[in-house]
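Enquirer: First the structure, which I've put down as structure tokens, then a few questions once you've had a look.
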Amino acid sequence: MKDVLVMGGTEFVSRAIAKYLISLGYKVDIFTRGRRDLDYEGVRYHLRGDRHLTDDLQRELGDKSYNYIFDITAYTKEDVAKLVKVIKRDNLKRYVFCSSGAVYLPNKGVSSEDFPRGRNPHWGSYGLDKALAEDYLFNLYQEEGFPITIFRPTYIYGEGNNLYREAYFFDRIREGLAVPIY
């Protein structure tokens, strides 16, 4: 049986990942702030704490070992570094980091994986912070062979979205209202 940690697990992307992995038969633990109750079954342990506090991470994760970690809630290098410092690496096969398309420099075309990254004025510090977290992970891979996968969605739409983005447009269209363009 494969042991998985999902950082998050009660909202949108992290919730969908946790539920999917459970459906595949993985033993899934989630780490959240504990502000929301789970509305699905199958989580082995719902670990609670503040990922920004090393003591919370150590208390909840320090004695556990995972094959896979899906880090959906990290926004900064510090978020990643604190988690990586605490986790046991003996059985870790893959650390999956949810970054963002906001790491790419502005361009008029489609960005490829190797497109230049840097400060994007449309995203401000969010994109730059994600890029610095990626750089930290790239360095860990180069120096220690730390097993990383990074994915960079631009926007994520779908069932369970807790942000009123695409639903706003669908609601306006359904109600026969104009969609404002600025």
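The values are calculated or read from the model by the stated rules, or taken from the named source; none is laboratory data. The model shown is predicted, which means the values in this text are computed figures rather than measured ones. FYI the Cβ positions are ideal-geometry reconstructions off the backbone, even for glycines, and counts take in every protein chain you see.
Enquirer: Return the pair list, or none, for Cβ contacts closer than 7 Å from residues in segment 82-93 that are in contact (Cβ under 8 Å) with a residue 40 or more places away in the chain to residues that are of a type in the set (D, E) and surrounded by 12 or more Cβ atoms within 10 Å (Cβ to Cβ), at least 6 apart or on different chains.
Expert: L83/D71
Each row is one residue, and each column tells you yes or no for (1) closer than 16 Å to D79 by Cβ; (2) at pLDDT 95 or above.
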residue	(1), (2)
K108	no, no
E113	no, no
H122	no, no
D129	yes, yes
A133	yes, yes
L137	yes, yes
E143	no, yes
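Enquirer: While we're on this one: Yes or no: segment 114-128 includes at least one residue that is under 23 Å from T10 (Cβ atoms) and surrounded by 10 or more Cβ atoms within 10 Å (Cβ to Cβ).
Expert: Yes, that holds for at least one residue.
Enquirer: How do the helices (runs of 4 or more DSSP H) wholly within segment 1-99 filter down when requiring 2 or more residues that are farther than 15 Å from L137 by Cα and touching a Phe, Trp or Tyr at 6+ places or on another chain (Cβ under 9 Å): which remain?
Expert: 12-23, 54-61
Enquirer: Turning to a different aspect of this structure: Could you please let me know if G34 is among the small types (G, A, S), within 21 Å of N162 (Cβ to Cβ) and either surrounded by fewer than 20 Cβ atoms within 10 Å (Cβ to Cβ) or within 18 Å of the chain's Cα centre (by Cα) (or both)?
Expert: yes
Enquirer: Of all residues in segment 62-88, count the ones that are more than 18 Å from A133 (Cβ to Cβ) and either among the hydrophobic types (A, V, I, L, M, F, W, C) or surrounded by fewer than 18 Cβ atoms within 10 Å (Cβ to Cβ) (or both).
Expert: Final tally of qualifying residues: 6.
Enquirer: Continuing with this model, one more query. Which one is nearest to P153 (Cα to Cα), of the residues in segment 1-55 that are in contact with a Lys or Arg (Cβ under 8 Å, 6 or more places away or on another chain) and of a type in the set (D, E)?
Expert: Among those residues, the one meeting the criterion is E11.
Enquirer: Mind checking whether some residue in segment 129-146 is under 25 Å from S14 (Cβ atoms), among the small types (G, A, S) and out of contact with any Phe, Trp or Tyr (no Cβ under 6 Å at 6 or more places or on another chain)?
Expert: Yes.
Enquirer: Separate question: Hey, any hits in segment 106-123 for a residue that's in a loop (DSSP other than H, G, I, E, B) and of a type in the set (F, W, Y)? Give the steps one after another, and end with the answer.
Expert: Initially, segment 106-123 is screened for residues in a loop (DSSP other than H, G, I, E, B), giving 106-116, 118-123.
Of the ones still in play, those that are also of a type in the set (F, W, Y) are 115, 123.
Yes, the conditions are met somewhere in segment 106-123.
Enquirer: Mind checking which residues of segment 143-153 are assigned to a loop (DSSP other than H, G, I, E, B) and either of a type in the set (D, E, K, R) or surrounded by 10 or more Cβ atoms within 10 Å (Cβ to Cβ) (or both)?
Expert: Listed by number, the residues that qualify are F146, P147, R152, P153.
Enquirer: Quick check on this structure: which one of A133, A102 is in contact with an Asp or Glu (Cβ under 8 Å, 6 or more places away or on another chain), part of a helix (DSSP H, G or I), buried (at least 17 other Cβ atoms within 10 Å of the Cβ) and not polar (S, T, N, Q)? Walk me through it before giving the result.
Expert: Details: A102 fails: in contact with an Asp or Glu (Cβ under 8 Å, 6 or more places away or on another chain).
Only one candidate passes the filter, namely A133.
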